[in-house]
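Below: one structure, written as structure tokens.
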Amino acid sequence: PGRYVWCAGWSYLFGDGLVAMRLSCVIFQMLGMYAGLLAARRIRTNWGFLIIVALTLAVWMRPRYKLFEQSITLMAIYVAVWLLENPTLRRQFIAGMFVGLMAIMGRNHGVYLLASFRIVIAWSLPGGPAAIWFRKTLAWGSGIVAGYSPMLAAYGLIPGFFEASLAQIIEIIEEGTNLSRPVPWPWRVPGQLGGIWWLSAFVQSSFYVALLAIGALFIWRLCRASRGKDMRPVVIASGAIALIYTHYTFSRPDAVHLTHSVPAMILATLALSLRSLGSLAPPRLASSPALISVVLLVGSTVAMILEFGFMREPMNPPLTYQRRTVAGEDLIVHVDHARVLDLALKLSREIASSDDQILFLPHHPGLYVATGRRSPIRQIYFMRQESIAADERIVQEIDARKVKWVMLQDTRLDDRDELRFRNTNPLTFDYLVQHFGALRLEPASRDFVVLGRRGPAASGH
């Protein structure tokens, strides 16, 4: 819940609209970028080099509604560099606090940072008495507990919170963090894309290879230097975090998850290219951080160019992007999203009364905010196959709250038929078929159907 608390806190200053929420994300991004540049200064202090690094990192700050992940990795690199430069008990404790706080921003970050900081701390304690190991490890662990203390308090004070969190952790262990999909390797990019579309897809897919290559290079360098301890802090910090966060990208290899680990990989690549470290690779492959930074900027721009709205809009037919008012703010949205918004607003304003319960299924909880409604059931996002018990609870909630209208999208997620709502939640789907009827509405959407409850409860509409 840390990221939601962050956005809610800034809402007192900026307001609680969508643009204000994105502004709060940008502030977090600025902190991440600042931390990343502080780490980059350990590679080179030249302003031209730092500007190129800043531009490269900014390219990967996508999508704009999910800037916490890559910002946290950049913060983590700087904290690790700061720790390695002077691994005192105080810095061990503060580094632990950082890990605990970031675990509140995301449980996965807690796990990744535990693993990567273990590498960092092990490097900072090459030997010596066991008492030193114990004291510094204890300081780090105490810092984690201190940083994570708000969550520990929430577990004890908020009824049901610990049980719900534990259930989610068990689900993650059993089913994974994301829906898996094939890795889009460069040799799998369809040739029929053509032009800039093919080039961008090819370069973007090449970063998956680069992630693995930099990870392997870091491990190789770590093994070679294990006796001499001749690696700079920025190499250890960026390499360890880039290596561990590679798992995040490959847990669901798509453009969004690629952005979460590439910024760390960029700093690791630049750090590993330092000539002062000696031979990291055969001499013909060695290069300077300045030259590599330019290559990374060009490659990053080509890879992500089509992810930016200012490029997508002119490259699409007219009216592909349309203006809509969402919760009092004017936004420019894709025509497909505009149709979904129009249908939801028509249902909320013209068909359903203000007291009617409306349920949006399965992947659009933002429609509750757009329509000014509240979800009638606890679960607001459906992605995986539900257990029979969980599916039964959803049916009971729908029945108990007397849900009168449902806006349902029963399409194949990731082009997989087993992930259609009728297959992930068969009991709920059967209940809707038995107790609701479809309405023919304009604006129509081929992906959505509006369902109204049959019987006396639905009379008058």
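Here are some notes:
- Segment 1-72 and segment 388-443 have their alpha-carbon centroids 38 Å apart.
- Sorting LYS346, LYS402 on solvent-accessible area from highest to lowest, probe radius 1.4 Å, gives LYS402, LYS346.
- Extending 7 Å from Cα along the Cβ direction at TYR155 and again at THR137 yields two label points whose distance is 2.1 nm.
- Surface calculation, 1.4 Å probe, protein heavy atoms: ILE169 sits at approximately 60 Å² accessible.
- Total lysine pairs whose alpha carbons fall under 30 Å of each other in the chain (8 or more apart, or interchain): 4
- Entry for Kirkwood radius over Cα pairs in Å (calculated from the structure that is shown) out of (1) 23.4; (2) 24.8; (3) 26.4: (2)
- Taking the protein heavy atoms of the chain in the context of the full set of protein chains, the accessible area attributed to carbon and sulfur is 62 percent at 1.4 Å.
- Peptides 159-168, 70-79, 112-121 ordered by packing proxy, namely the average of other Cβ atoms within 10 Å per residue, highest first: 70-79, 112-121, 159-168.
- 1.4 Å probe accessible area per residue over the chain, in Å²: 50
- Of the whole protein surface, GLU329 contributes about 50 Å² of accessible area at a 1.4 Å probe radius.
- Taking ARG453, ARG323 and ordering them by how much accessible surface each has at a 1.4 Å probe, largest first, produces ARG323, ARG453.
The values are calculated or read from the model by the stated rules, or taken from the named source; none is laboratory data. Not measured: the values here are computed from a predicted model. Positions of Cβ are backbone-derived with ideal geometry, glycine not excepted, and every protein chain shown enters the neighbour counts. These accessible areas exclude ligands, DNA and RNA; they are computed on the full protein's heavy atoms, side chains included. Shrake-Rupley method; radii C 1.70, N 1.55, O 1.52, S 1.80 Å.
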